[in-house]
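Since the structure comes first, as structure tokens, the remarks are kept for the end.
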Amino acid sequence: MKKLLLASTILAGLTGAAFADGHEVKMGVILGFTGPIESLTPDMAAAAELAMKETAGKVLDGKTVVAVRADSTCTDAAAATAAAERLITAEGVVGIMGADCSGVTTAIANNVGVPNGVTMVSPSATSPALTTIEDKGFFFRTAPSDARQGQVLADVLKDKGITKVAVTYTNNDYGKGLAEAFGAAFKANGGEIAISAAHEDGKADYSAEVGALSAAGAEHLAVFGYVDQGGKGIIQTSLDTGAFDKFILADGMIGESLIKAIGKDLEGTIGTLPGSESAGAAKFKEVATAGGLAKNDGPFMPESYDAAALMILAMQAAKSTDRAAIQSKMMDVANAPGEKILPGELAKALEILKSGGQVDYEGASNVTMTEVGEAAGSYKELVVKDGKFATVKVR
Amino acid sequence: MIDFLNALVLFANFVLIPGLAYGSQLALGALGITLLYGILRFGNFAHGDTMAFGTMTVVLITWYFQSIGISFGPLPTALLALPFGIAITAVFLVVWDKLVYKHYREVKAPPIRMVMASVGVMFAMNGIVRFIIGPNDQNFMDGERFILKARAFKNATGLNEGLAIKSSQLLTVVIAIVLVSALFWFLNKTRTGKSMRAFSDNEDLALLSGISPQRVVLVTWILVGALATVAGVLYGLDKSFKPFTYFQLLLPMFAAAIVGGVGHPVGAILGGFVVAFSEVMVTYAYKKFLTYLVPADYAPDGLMQLLSTDYKFAVSFIILVVVLLVRPTGLLRGKVI
């Protein structure tokens, strides 16, 4: 890791020196390099920088896009806003890949991004609230909204004939947003939410929470939490007390560590996870390995690559590094019509755009933007079978 | 009749058994606080972190035992590690006494200064524990997890509701009873115990009758170390070990000590159960319980929950405030803090 960091620093230094004559374009990469998801962000940033490396010296008239990293902290809105302010005013970035967590992303978009007219593409902010912020068209995301996941989960349950569930969610923007979205979709499908109660992460004892959940009289428990946190405690306690033995999990709860901790009692548990088994996802793994990344299939890495790639293509389509011009072309390159572009084909896409053609960027996460500028999102329906999460189908 | 049994089993499974185990853990913790208050005359804020330190040593020794293949059959290996953990924690506490509290005793500092010193010790211990074992959850329970499984109970009795008893819950209650009996025997029957009580009642008179204060202080810290380590290990076995939750236990433990009457060992035990059962009973949703008991027409629609489980900690606060306002000496007439 250290070597990698050192190498990338040197590389960044060299490219900086080589293209210091106006041939470099800066793009902000603002992610929570410290904070609760600090274990994920280095790989996400590396994936975004991979897209820049792939197009080095090929954008517009031989320009290279370089990353300027900044720390969103994931939780501290003031620090994230200050970091974004620095990127925009001092570094003069043309666009921002980020931010990561829903709370800070909202803060940056409202306070800095939109007022300055800078395009932002978040790879991982999934709160439904971001769909309706006043973004004047400058905020995009390659991650789907949890409103979509709530709908998908509700549909999965409908197909299985489950009509009454208890819901528990981690007490933050993610958990609350998902629980609300799921509740609305589930009721629209004719289901009944027996109880919807928050739980705090990081407690040793969840017997009171489980007691309240089970008292409502549902047979299934939907857990919208984190796999290494309260979510696991709730499931363990439910099984211990015999309160529930059938679970429904959202993306934050999908992880092999859960099966390892709970064991065979989890068999038959159903869940959803963003992602697809498209050609782009497989291609991204190849590109990431070839590009020398430490990992090739971490959470939100495909979305990060796509976020950076989209902005680079939009820049080419606009034939300008002007911030507003980039924004105006985002939807064009993301959606049909045009030639489909997968990871590793960015150079080809640039050529097509240069010659006046059109592209439809599919990328690693099968990008299709809705009219508000967020990924429509495909989800994998999973079931725990023989001690593993197995994909049933893609929705 | 079946409905009545179902209601009873439901109540036992979600309120009675968890409450008994949690109450025993709080009682042991509160005993340590009360003992220290009675004899050394200050409220020890570092008690939660003492528990964390003691549990941490036991966790580390348990891991070592597991790595060289020692186990305790169906019982958790941690019980074998417990005596070593108690010894290390007792030494740790005595060192802190020499470094910090001894000075304040010698200058006859007012109790509030001792309390503030213990806040400092608390933060230091906090850091030491996190430095050694880290801030994350550690699970060190092994052996047989259940005495009675919910599903097995349902199959055997044919009732709708299951009853689960974890081995850690039974262990907690049994060990708490043994330890508390031993403590009372020690305080009431042995020479050292009597001299400690004399010291607690009247320090000057005790000194005049030839009781060695150093010895009383030393034995007190050893007892506190033992109580804290046992309480922490039982809590960790039953739930899980995480330094921050041990720090948070300080509030219900203090509430328990004060409710019972601070400085009063029986009161600490009583207080532990009062606080534990209040927390569990106030936040439990009685919908299902009542549905079994009342005729179908009167079955409640709502959850019948007094307070959301988010407010569990508020319960200790409310008890603490009410007792301090209404009966500051506590249920059993302890000292006034």
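Within the stretch A:332-354, track down each residue that is basic (K, R) and part of a strand (DSSP E or B). Before the answer, list the steps.
Within the stretch A:332-354, the subset basic (K, R) is A:340, A:348, A:354.
Across the stretch A:332-354, the qualifying residue is only A:K340.
I'd like the full set of residues that are at the interface with chain B (Cβ under 10 Å from one of its Cβ atoms) and either crowded, with 21+ Cβ neighbours inside 10 Å or hydrophobic (A, V, I, L, M, F, W, C) (or both), limited to the stretch A:206-226.
Let us first name the residues in the stretch A:206-226 that are at the interface with chain B (Cβ under 10 Å from one of its Cβ atoms), namely A:206-217.
Scanning the stretch A:206-226 gives A:Y206, A:S207, A:A208, A:E209, A:V210, A:G211, A:A212, A:L213, A:S214, A:A215, A:A216.
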**Fill in**
Of the conditions (1) crowded, with 24+ Cβ neighbours inside 10 Å; (2) over 19 Å from the mean Cα position of the chain (by Cα), the single one that A:M44 does not satisfy is (2)
**Message:** Which numbered condition in (1) buried (at least 23 other Cβ atoms within 10 Å of the Cβ); (2) modelled with pLDDT of 90 or more; (3) part of a helix (DSSP H, G or I) is the only one that A:D155 fails?
**Reply:** (1)
**Prompt:** Can you pull out the residues in the stretch B:97-134 that are of a type in the set (S, T, N, Q) and at pLDDT below 95?
**Reply:** B:N126
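Go through the stretch A:359-395 and give me each residue that's aliphatic (A, V, I, L, M) and in a strand (DSSP E or B). Give the steps one after another, and end with the answer.
If we filter the stretch A:359-395 for residues that are aliphatic (A, V, I, L, M), which is where we start, we get A:359, A:364, A:367, A:369, A:372, A:375-376, A:382-384, A:390, A:392, A:394.
Once the filter is applied, which keeps residues that are aliphatic (A, V, I, L, M) and in a strand (DSSP E or B), the stretch A:359-395 yields A:V359, A:M369, A:A375, A:L382, A:V383, A:V384, A:A390, A:V392, A:V394.
In the stretch B:311-323, which residues are within 11 Å of chain A (Cβ to nearest Cβ) and of a type outside the set (V, I, T)?
Filtering the stretch B:311-323 for residues within 11 Å of chain A (Cβ to nearest Cβ) gives B:311-313, B:315.
Listed by number, the residues that qualify are B:Y311, B:K312, B:F313.
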**Item:** Among (1) more than 14 Å from chain B (Cβ to nearest Cβ); (2) under 21 Å from the mean Cα position of the chain (by Cα); (3) on the phi < 0 side of the Ramachandran plot; (4) not hydroxyl-bearing (S, T, Y), the one test that A:G175 misses
**Value:** (1)
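From the list A:I193, A:I270, which residue is closer than 24 Å to A:A143 by Cα and crowded, with 18+ Cβ neighbours inside 10 Å? If you could, list the steps in order and put the result at the bottom.
Numbers: A:I193 fails: closer than 24 Å to A:A143 by Cα.
Only one candidate qualifies: A:I270.
Kindly evaluate A:P302 against the criterion of being modelled with pLDDT under 85 and surrounded by 23 or more Cβ atoms within 10 Å (Cβ to Cβ). Walk me through how you get there before you give the answer.
Numbers: modelled with pLDDT under 85: no; surrounded by 23 or more Cβ atoms within 10 Å (Cβ to Cβ): yes.
Against the criterion (modelled with pLDDT under 85 and surrounded by 23 or more Cβ atoms within 10 Å (Cβ to Cβ)), A:P302 does not qualify.
If I ask for residues that are part of a helix (DSSP H, G or I) and either exposed (fewer than 14 other Cβ atoms within 10 Å of the Cβ) or more than 10 Å from every other protein chain (Cβ to nearest Cβ) (or both), which ones from the stretch B:296-310 would you list? Spell out the reasoning first.
The first filter runs over the stretch B:296-310 and keeps only residues part of a helix (DSSP H, G or I), leaving B:296-298, B:309-310.
If the condition is that a residue be part of a helix (DSSP H, G or I) and either exposed (fewer than 14 other Cβ atoms within 10 Å of the Cβ) or more than 10 Å from every other protein chain (Cβ to nearest Cβ) (or both), then B:A296, B:D297, B:Y298 are the ones that fit.
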**Request:** Please give the number of the condition A:T168 fails out of (1) part of a strand (DSSP E or B); (2) more than 12 Å from chain B (Cβ to nearest Cβ); (3) of a type in the set (V, I, T).
**Result:** (2)
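Can you say whether B:A109 is of a type in the set (A, V, I, L, M) and more than 18 Å from B:A226 (Cβ to Cβ), as far as the supplied structure shows?
Details: of a type in the set (A, V, I, L, M): yes; more than 18 Å from B:A226 (Cβ to Cβ): yes.
For B:A109, the condition - of a type in the set (A, V, I, L, M) and more than 18 Å from B:A226 (Cβ to Cβ) - is met.
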**Request:** May I ask you to verify whether B:L293 is within 14 Å of chain A (Cβ to nearest Cβ), surrounded by fewer than 19 Cβ atoms within 10 Å (Cβ to Cβ) and modelled with pLDDT of 90 or more?
**Result:** no
**Request:** Please report, ordered by residue number, the helices (runs of 4 or more DSSP H) entirely within the stretch B:187-275 with at least 3 residues that are among the aromatic types (F, W, Y).
**Result:** B:243-248
**Asked** Can you tell which of B:L8, B:L16, B:L20 is within 14 Å of chain A (Cβ to nearest Cβ), part of a helix (DSSP H, G or I) and free of Cβ contacts under 8 Å to residues at least 60 places away in the same chain?
**Response** B:L16
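Given the condition under 19 Å from B:K312 (Cβ atoms), within 13 Å of another protein chain (Cβ to nearest Cβ) and part of a helix (DSSP H, G or I), answer yes or no: does some residue in the stretch A:182-204 qualify? Show your work before the answer.
Filtering the stretch A:182-204 down to residues under 19 Å from B:K312 (Cβ atoms) leaves A:195-204.
In the following step, the residues that additionally are within 13 Å of another protein chain (Cβ to nearest Cβ) were identified as A:195-204.
Applying the additional criterion that residues be part of a helix (DSSP H, G or I) yields none.
Checked the stretch A:182-204: no residue is under 19 Å from B:K312 (Cβ atoms), within 13 Å of another protein chain (Cβ to nearest Cβ) and part of a helix (DSSP H, G or I).
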**Message:** So for the stretch A:97-106 (the condition being more than 19 Å from A:E38 (Cα to Cα), of a type in the set (A, V, I, L, M, F, W, C) and buried (at least 24 other Cβ atoms within 10 Å of the Cβ)), does at least one residue qualify?
**Reply:** no
**Request:** Tally the residues that are at pLDDT below 95 and more than 20 Å from the chain's Cα centre (by Cα), restricting the search to the stretch B:43-61.
**Result:** 0
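When the stretch A:244-260 is examined, which residues are found to be part of a helix (DSSP H, G or I) and either modelled with pLDDT of 90 or more or crowded, with 21+ Cβ neighbours inside 10 Å (or both)? Explain how you work it out, then say what you get.
Taking the stretch A:244-260 as the starting set, the residues that turn out to be part of a helix (DSSP H, G or I) are A:251-253, A:256-260.
Within the stretch A:244-260, A:D251, A:G252, A:M253, A:L258 qualify.
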**Item:** Contacts under 6 angstrom Cβ, first residue in the stretch A:381-395 being closer than 20 Å to A:K158 by Cα and touching a residue at least 24 places away in the same chain (Cβ under 8 Å), partner aromatic (F, W, Y) and crowded, with 18+ Cβ neighbours inside 10 Å, 6 or more apart
**Value:** A:L382/A:F389; A:R395/A:Y379
**Request:** Within the stretch B:239-252, work out how many residues are facing another protein chain (nearest Cβ under 8 Å) and within 12 Å of the chain's Cα centre (by Cα).
**Result:** 0
**Asked** Quick check: anything in the stretch A:227-243 in a strand (DSSP E or B) and either within 14 Å of chain B (Cβ to nearest Cβ) or not basic (K, R) (or both)?
**Response** no
**Item:** Sole exception among (1) buried (at least 19 other Cβ atoms within 10 Å of the Cβ); (2) within 14 Å of chain B (Cβ to nearest Cβ) for A:D265, by number
**Value:** (1)
**Single residue of A:V114, A:V94, A:V118 found to be β-branched (V, I, T) and either buried (at least 24 other Cβ atoms within 10 Å of the Cβ) or under 13 Å from the mean Cα position of the chain (by Cα) (or both)** = A:V118
**Request:** Identify the single condition in (1) crowded, with 21+ Cβ neighbours inside 10 Å; (2) at negative phi that A:G377 does not satisfy, given that it satisfies every other one.
**Result:** (2)
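Would the stretch B:50-58 turn up any residue that is part of a helix (DSSP H, G or I), polar (S, T, N, Q), more than 14 Å from chain A (Cβ to nearest Cβ) and crowded, with 24+ Cβ neighbours inside 10 Å? Quick ask: steps written out before the conclusion?
Keep residues of the stretch B:50-58 that are part of a helix (DSSP H, G or I), which gives B:50-58.
Still in the running and polar (S, T, N, Q): B:50, B:55, B:57.
Next, from what is left, pick out any that are more than 14 Å from chain A (Cβ to nearest Cβ): B:50, B:57.
Then keep just the ones that are crowded, with 24+ Cβ neighbours inside 10 Å; that gives B:50, B:57.
Yes, because at least one residue in the stretch B:50-58 is part of a helix (DSSP H, G or I), polar (S, T, N, Q), more than 14 Å from chain A (Cβ to nearest Cβ) and crowded, with 24+ Cβ neighbours inside 10 Å.
Report yes if some residue within the stretch B:191-211 is of a type in the set (F, W, Y) and surrounded by 15 or more Cβ atoms within 10 Å (Cβ to Cβ); otherwise report no.
Restricting attention to the stretch B:191-211, the residues satisfying the condition of being of a type in the set (F, W, Y) are B:199.
Okay, now just the ones that are also surrounded by 15 or more Cβ atoms within 10 Å (Cβ to Cβ), so B:199.
Yes, because at least one residue in the stretch B:191-211 is of a type in the set (F, W, Y) and surrounded by 15 or more Cβ atoms within 10 Å (Cβ to Cβ).
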**Request:** Search the stretch B:304-316 for residues that are at pLDDT 80 or above and pair each with any residue that is of a type in the set (F, W, Y) and surrounded by 15 or more Cβ atoms within 10 Å (Cβ to Cβ) when their beta-carbon atoms are under 6 Å apart and the residues are at least 6 apart or on different chains.
**Result:** B:M304/B:Y286
**Message:** Can you find a residue that is within 20 Å of B:A268 (Cβ to Cβ) and either within 14 Å of chain A (Cβ to nearest Cβ) or among the acidic types (D, E) (or both) anywhere in the stretch B:166-176?
**Reply:** yes
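Given the condition within 14 Å of chain A (Cβ to nearest Cβ), farther than 23 Å from B:L8 by Cβ and of a type in the set (D, E), answer yes or no: does some residue in the stretch B:264-282 qualify?
Residues of the stretch B:264-282 that are within 14 Å of chain A (Cβ to nearest Cβ), as a first pass: B:275-282.
From what's left, farther than 23 Å from B:L8 by Cβ: B:275.
Next, from what is left, pick out any that are of a type in the set (D, E): none.
No, the stretch B:264-282 contains no residue that is within 14 Å of chain A (Cβ to nearest Cβ), farther than 23 Å from B:L8 by Cβ and of a type in the set (D, E).
The values are calculated or read from the model by the stated rules, or taken from the named source; none is laboratory data. In this text, all values refer to a predicted model and were calculated from it rather than measured experimentally. Here the Cβ is made from the backbone with ideal geometry for all residues, glycine too, and neighbour counts use every protein chain on show.
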